[in-house]
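This report refers to the structure that appears directly beneath it.
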């Protein structure tokens, strides 16, 4: 009788332990080089009552601020190396936090949608070597100069 009880207990406990071991904690982006990472965030701006032009403009601004805050929080979770995150780097130097906030303001607005009670904005932000340079982890790479039909090249 006891063997049967322990056998059933074993058959119940093992699958439960297996399922619990599959659960993960907060996700931290594993990209240390950020060479090809694009972050996305959706910002929401609420409008109370009737729509007016000034209400819509304010809702768009609120949605942008919301999206920028979400992008910043995603950036703060990125890992610099195996032990440090960007948020730890910002905690040591507040100037880096200001640089990140400025970098985030360069996010591209992909879509703006009107909703019943406000505005929704989808933004995307490409991280790469320029982001690493912004926070002081790499040298800034100069942008390539376009060649071809430029006014300077056609004069000679």
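The values are calculated or read from the model by the stated rules, or taken from the named source; none is laboratory data. No experiment lies behind these values; they were computed from the predicted model shown. Cβ atoms come from the backbone with ideal geometry, glycine included; neighbour counts cover every protein chain shown.
So that you can scan it fast, the table gives a plain yes or no per residue for (1) surrounded by fewer than 10 Cβ atoms within 10 Å (Cβ to Cβ); (2) at pLDDT 80 or above:
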| position | (1), (2) |
| --- | --- |
| 76 | no, yes |
| 94 | yes, yes |
| 99 | no, yes |
| 108 | no, yes |
| 114 | no, yes |
| 125 | no, yes |
| 129 | no, no |
| 156 | yes, no |
May I ask you to list the residues in the range 54-87 that are more than 26 Å from residue 36 (Cα to Cα) and touching a helix residue (DSSP H, G or I) at 6+ places or on another chain (Cβ under 7 Å)?
-> none
